[in-house]
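Structure first, then comments.
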Amino acid sequence: MTAHSETPRLMQIGEWRIDSSSGVLTRGDKQVRLEPRVMAVLLDLAAHADQVRSKDDIIGAVWGDTYVGEASLSRCISELRRTLGDDARDPKYIETLPKRGYRLLAQVRTLAPDTKSLSGPPVPEPKRPLWQTLVAAGIVAALFVAWWQGRPAPDADSIRTIAVLPLRALSDDPQQRFFAEGLTEQLIANMTTIESVRVVSGRSARLARDAEASAADIAAALGVDAVVDGTVQRSAQRTLVSLELVQASTERLIWGGSYQERGDDWIEIQQEVAAQATREIALSLSALRGVTISRPENAEARIELDRGRLLAARGSPVDAVRSLDHFRLALEIDGGYALAWALLADVQATLAWNNWSNPSSAYAEARSAAHTALDLDPTLADAHAVLAAVAAERNQDWPEAERRFQTAVGLEPRSAFALERYGRYQRRMGRPEDAATSTAAALAIEPDSIPIAVSHAWSLILINELEGARALLESSLDLDDAFALAYAGLCAIANLEEQYGEARGSCARAAAMPGHELELGARAYAEARDGDEAAARASLAELEQFDSTAAALAIATAHLGMGNEEAAIAVLESAETRRALWLPALLENPYLRPLSDAPRVQRILDALLIPTAGDE
């Protein structure tokens, strides 16, 4: 295959038979249907088999003008490796070349439509028009991409009417089709609230889709300027929805979004995805029209907001709860204060992540408050950053989190709030250099912020710039000698430098702070490495009094300090089977991070879809 050849419908890649039109991979009796974007990445690699493809080239071919971060591509590569049964360390299909890109190693050959192969019978070709086939398969031949990118830019003023096409379920399961229909109706209902846009009735769009018309034909028949199209896929407790807004006259992508939700409450998932997508579509149209939002600030409400912000910055559960009272008072004074809603949402997310409150209800309140903030001001970076954090922490939806963080930073490049939280996320994704860049930028904007200084110190610890981290932590404690995460950082530095006596003191100070008892894991690590096994076992016993899911990383840290790597990994595996919310912080933990190279830990990260060094 060459870059300019037409993508064949059927091909053989290694042991797998590929049907590019349906997105189905077959090997023996096993059939797997890929998401359109994942299939598009595979087709792009196949079109350049045995050639190195840079990340930028693949992203440009598959996503076109839609801005996405490298995390979206890494997720697709991880999904392909898992589906193909590949290993990043000993690849047979997809090879990673650090700093260069990816290469498809397996042999690729085109199959005739009636070809019989060892991988099984051909999958019947679905009857669908060419336009739908191209969208579903994600055709990325270079000639087509060049034509697409040369089309005129979308004109927001010309988009006044939109049709929501019935979403397609990537499964024959009647329940999934039912879910897709319900989500379509919910999306139509929500989008009718977008100002200056008319949404055609669901019945009209359904008839057009059933007629198997092209996008241009559907738009002409319905008299609309753009269409929303998408797919739905559900497996186990996860639901993945991919949506696109396409201008009909140019068939140019205006907006694209991917949403991954956990849980089995389909009505709640439908409502949440429809609400998020509607806000983002409205924001994309507003951005094209150059719309900005501003409103006068109530002085009394601002005083309460500042009081709440000061309390929230102290990093303790008591102060976090007290800050909520001030944010709520600010909202009693001015219910339309978008920033107060966003900061209230951030505190609720903080309470959930630290297990200082019931995570399920706290994250729900965080998401609701952040959405309220965006209803009031769709351009508020702080609210987008909170929703990004919720997507990562509650749903473990890394592409959605990356996209929202990019949106937040793009809307307000000098938002220290958004930059610092993006840095936290990057640390958890195993991207410490990127994290250090983000937190350094945040600290340059707000150099007097203790939480940001401490966060940047943790970024520096992960890239082994220990002296710079130590200076930040010590200066932070000069200003606030009760900031637990600063003591935890000094504990980590001392442990890494094998100064275990010093580490024990800092760890003990951190663990003694209310809400930070899980620092007992680092204390046990220091005690064990200092030769005090009895003290280490006592600290471990204290840890085991906590919920084992929430304390998994701390318990694993303690076992690792005692030299029991097997027990540490077993704890992590047990946490993964229970879908522990806190497990993704493994790559942020300076003690456990070296374990990421172990095959069993790699399997945990693969299960979480966390892009690791093998995907970079």
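Are there any pairs, at least 6 apart or on different chains, whose C-beta atoms fall under 9 Å, with the first in region 475-500 and over 15 Å from P514 (Cα atoms) and among the aromatic types (F, W, Y) and the second open to solvent by 20 Å² or more (accessible area, probe 1.4 Å) and part of a helix (DSSP H, G or I), and if so, which?
Y500/Y525; Y500/A528; Y500/R529
Inside region 512-528, can you point out the residues that are over 11 Å from Y487 (Cβ atoms) and either assigned to a helix (DSSP H, G or I) or modelled with pLDDT of 90 or more (or both)?
Correct list: E517, L518, L520, G521, A524, Y525, A526, E527, A528.
Looking only at residues in region 422-444 that are part of a helix (DSSP H, G or I), more than 16 Å from G410 (Cβ to Cβ) and of a type in the set (D, E, K, R), which one is most open to solvent (accessible area, probe 1.4 Å)?
Among them, the one singled out is E433.
Among the residues of region 501-515, what is the count of those that are touching a residue at least 60 places away in the same chain (Cβ under 8 Å) and out of contact with any Asp or Glu (no Cβ under 9 Å at 6 or more places or on another chain)?
Of the residues in that region, 2 qualify.
Mind counting the residues in region 497-528 that are over 35 Å from the mean Cα position of the chain (by Cα) and surrounded by 19 or more Cβ atoms within 10 Å (Cβ to Cβ)?
Counting residues in region 497-528 that are over 35 Å from the mean Cα position of the chain (by Cα) and surrounded by 19 or more Cβ atoms within 10 Å (Cβ to Cβ) gives 4.
May I ask you to say which residue of L245, L285 is at pLDDT 75 or above, part of a helix (DSSP H, G or I), open to solvent by less than 20 Å² (accessible area, probe 1.4 Å) and not β-branched (V, I, T)?
The conditions single out L285.
Quick grid of which residues meet (1) in a helix (DSSP H, G or I); (2) of a type in the set (A, V, I, L, M); (3) over 23 Å from L605 (Cα atoms); (4) out of contact with any strand residue (DSSP E or B) (no Cβ under 7 Å at 6 or more places or on another chain):
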site: D346; (1), (2), (3), (4): yes, no, yes, yes
site: A369; (1), (2), (3), (4): yes, yes, yes, yes
site: A388; (1), (2), (3), (4): yes, yes, no, yes
site: A392; (1), (2), (3), (4): yes, yes, no, yes
site: F405; (1), (2), (3), (4): yes, no, no, yes
site: G410; (1), (2), (3), (4): yes, no, yes, yes
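I'm trying to understand the selection: among the residues of region 220-242, which are outside any loop (DSSP other than H, G, I, E, B) and β-branched (V, I, T)?
Matches in region 220-242: V227, V228, T231, V232, T239, V241.
The conditions are (1) touching a residue at least 12 places away in the same chain (Cβ under 8 Å); (2) open to solvent by 50 Å² or more (accessible area, probe 1.4 Å), and T577 fails exactly one of them. Which is it?
Among (1) touching a residue at least 12 places away in the same chain (Cβ under 8 Å); (2) open to solvent by 50 Å² or more (accessible area, probe 1.4 Å), T577 violates only (1).
Please enumerate the residues belonging to region 529-559 that are open to solvent by less than 20 Å² (accessible area, probe 1.4 Å) and aliphatic (A, V, I, L, M).
Hits for region 529-559 are A536, L540, L543, A550, A551, A552, A554, I555, A556, A558.
Please identify the pairs in which a residue from region 44-56 that is acidic (D, E) has its Cβ atom under 8 Å from the Cβ atom of a residue that is at pLDDT 90 or above and not in a helix (DSSP H, G or I), counting only partners at least 6 apart or on another chain.
Listed pairs, sorted by first residue: D44/R53; D50/R103; D50/L104; D50/L105.
Within region 1-52, which strands (runs of 3 or more DSSP E) (wholly inside it) include 2 or more residues that are out of contact with any His (no Cβ under 9 Å at 6 or more places or on another chain) and either modelled with pLDDT under 80 or surrounded by fewer than 22 Cβ atoms within 10 Å (Cβ to Cβ) (or both)?
So the answer is 10-13, 24-27, 30-33.
The values are calculated or read from the model by the stated rules, or taken from the named source; none is laboratory data. Here the structure is a predicted model, which is why all the values come from computation and not from measurement. Neighbour counts run over all protein chains shown; Cβ positions are idealised from the backbone, glycine included. Surface accessibility is based on the protein's heavy atoms, side chains included, excluding ligands, DNA and RNA. Shrake-Rupley method; radii C 1.70, N 1.55, O 1.52, S 1.80 Å.
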